[in-house]
Structures are given as C-alpha cells and as structure tokens.
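Below you'll find the structure, written out as structure tokens, and then a few comments.
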Amino acid sequence: MATEYTSRELMVTTAANEIRDDECAFVGMRLPLLAYQVAVSTHAPNSVAVFENGTVRDAPSDELIYTMGDLAHLDRSVSTTNMIDVMSRLQRGDVDIGFIGGAEIDRYGNLNTTRVRAGDRTIRLPGSGGACDISVLSDRTVIIMPHEPRRFVEEVTYRTSPGHGTGGDWRAAEGLRGGGPDALITTKGVFRFENGELTLSSVHPGVSVDEIHESIPWELRTAADGDEEIETTPEPTPTELEYVREFDPDGFWTE
C-alpha cells in the first residue's frame, strides 16, 4: 500500500472504486473526473463517462483537464455532442452512476447548493446546474464533499438536489425514478444510506469514529447499529496512486 497520500487522493481512489465495469458514469470536474480516469485505467476498462457539456469519453485524456471545454478533453473523445444529448441520456435511463457535490447535506442525503445563512446574511450559491437532474435520474449517485461540520445539517433549508427526502420510501412515493444517494465520500470517511438515512460505513486511516460523531449535529447511524463493523477505508494502491499523479501531476486538484 502507498505510504503517503493526500486526503483528496484517497477520495479519488475511493470514488473510482464506486464505478463498475461497463457502467455509464455522469462525471463532473475535479475529483469525479480523476476518479473516472483511474477507474477506466484499472478495474473498469469498459466504462464510459458523460459530461454536462456533451462530451462522451471511454478513456482518460492525455493532459490535465481544468475545464470540460479543454481541447485535451475533447481530443479522441467518443463524441462531442451537446447538453441536450447528454441530459437525454439521463432521461432514457442510460446513466448508472452520477457524481455530485453540495454545500450542505442533511441526514437523508438531500443537498443544498442554492443558498445558505451566515449570521444575518443570506449567501447565494451557484445553484443546481445539472445536479438536480443527476440526483433524480441516475440509477445511483455518489456525493463527494469536504468533511466540515458546517456542511452537515439535520435538514437542509433549501433542497437543490433531492436525496432520500425524509427517508424510507420517500423517493418512490414522490415518483423519482433513480435510486438516489448510494454513498457519501468525505475527507474523513465513507457513508452509506440505511433506509435512506446517512450511515457511517468506514473512516479514513487516522480518523476516529468519535471525530466523525463530533462533526455531525444529529445522532448519526453507523454500520455498528446494524451489527456490522465500521471499517477503515482502503488506502490507495500503488497503481491507483500512480494513475492519480499521472492525471494530476502537480496536484492541482488533489493537493
């Protein structure tokens, strides 16, 4: 196993392992992009990635990508279509896994990227982009975000991207076709969803379960509540780390 890596590098390799071979992944920029590039280079060579700008790829690009419109990202892609085409793939049910992030997340995986309060001020955030579509229509979603206490709220004040609503069969009752959040990967651990509720599955090396509990403002479920062990997140393998650093040689996204 690798001996030194950053928390973001660990997030990338953990996210990469959420992508299965032959799957279609809706990928954003930054860490999800790197995760796809690692996945298709290792255990998922037949996976494809679609991007919001209409690009479809089945292999890593040759250079570090800063934006979806970079020429290196378009070069040797499977196709360069448009947003309508890619969003139509979502509507057709072609997307197996979608990656999204958020400013706030609540206990049922609902995300707020629209507005937050800071004292007596309201701060306007970028909004949904394509995140709401991805969260509603992908077979499953993986959420990636920094682990900061301010990001965890018992109930988001604005539901930009629906997760599991109020838990249980909420998504089915609301007619949402996709399966909703399957995992949350933060800089400290990995969470799954039990009956729609956020459940701690593993902690990253060097992180304690108590540390996680202290950062969450509600009584957090853990795998131990279901008689399973809270595991330690697997470290990046040397091969995985080699690919991460090949695709992000200066640590622009992962430092």
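The values are calculated or read from the model by the stated rules, or taken from the named source; none is laboratory data. Quick caveat: nothing in here was measured; it's all calculated off a predicted structure. We place every Cβ from the backbone using ideal geometry, glycine too, and count neighbours over all the protein chains shown. Remember, those area values only see protein heavy atoms, side chains included, never the ligands or the DNA or RNA. Shrake-Rupley method; radii C 1.70, N 1.55, O 1.52, S 1.80 Å.
Tell me, which residue of the stretch 183-212 that is among the small types (Gly, Ala, Ser) and open to solvent by 50 Å² or more (accessible area, probe 1.4 Å) is farthest from residue 14 (Cα to Cα)?
The qualifying residue farthest from residue 14 (Cα to Cα) is 208.
From (1) more than 23 Å from residue 253 (Cβ to Cβ); (2) under 18 Å from the mean Cα position of the chain (by Cα); (3) not charged (D, E, K, R), pick out the condition that doesn't hold for residue 186.
(1)
Report whether or not residue 67 is within 30 Å of residue 217 (Cα to Cα), assigned to a loop (DSSP other than H, G, I, E, B), open to solvent by 30 Å² or more (accessible area, probe 1.4 Å) and touching a residue at least 12 places away in the same chain (Cβ under 8 Å).
For residue 67, the condition - within 30 Å of residue 217 (Cα to Cα), assigned to a loop (DSSP other than H, G, I, E, B), open to solvent by 30 Å² or more (accessible area, probe 1.4 Å) and touching a residue at least 12 places away in the same chain (Cβ under 8 Å) - is not met.
Report, ordered by the first and then the second residue, all pairs with beta carbons closer than 6 Å, sequence separation of six or more or different chains, a first member in the stretch 9-29 that is without any contact (Cβ under 8 Å) to a residue 12 or more places away in the chain, and a second member that is assigned to a helix (DSSP H, G or I) and of a type in the set (Val, Ile, Thr).
none
Would you mind telling me which numbered condition in (1) of a type outside the set (Gly, Ala, Ser); (2) out of contact with any Asp or Glu (no Cβ under 7 Å at 6 or more places or on another chain); (3) surrounded by fewer than 22 Cβ atoms within 10 Å (Cβ to Cβ); (4) not in a loop (DSSP other than H, G, I, E, B) residue 73 fails?
Unmet condition: (3).
So residue 177 clears everything in (1) open to solvent by 40 Å² or more (accessible area, probe 1.4 Å); (2) touching a residue at least 40 places away in the same chain (Cβ under 8 Å); (3) assigned to a strand (DSSP E or B) except one condition, right? Which one?
Only one criterion is unmet by residue 177, namely (3).
Kindly indicate whether residue 38 is touching a strand residue (DSSP E or B) at 6+ places or on another chain (Cβ under 6 Å) and of a type in the set (Val, Ile, Thr).
no
Within the stretch 139-163, which residues are surrounded by 15 or more Cβ atoms within 10 Å (Cβ to Cβ) and touching an Asp or Glu at 6+ places or on another chain (Cβ under 7 Å)?
Listed by number, the residues that qualify are 139, 140, 141, 142, 151, 153, 156.
Being crowded, with 23+ Cβ neighbours inside 10 Å, in contact with an Asp or Glu (Cβ under 8 Å, 6 or more places away or on another chain) and among the hydroxyl-bearing types (Ser, Thr, Tyr) narrows it down to one residue among 13, 42, 6; which is it?
Going through 13, 42, 6 in turn, the sole match is 13.
Give the residues of the stretch 93-138 that are open to solvent by 50 Å² or more (accessible area, probe 1.4 Å) and in contact with a Phe, Trp or Tyr (Cβ under 8 Å, 6 or more places away or on another chain), sorted by residue number.
108, 115
Could we say that residue 30 is out of contact with any Phe, Trp or Tyr (no Cβ under 9 Å at 6 or more places or on another chain) and open to solvent by 70 Å² or more (accessible area, probe 1.4 Å) here?
no
For residue 166, indicate whether it is at pLDDT 95 or above and open to solvent by 10 Å² or more (accessible area, probe 1.4 Å).
It is true that residue 166 is at pLDDT 95 or above and open to solvent by 10 Å² or more (accessible area, probe 1.4 Å).
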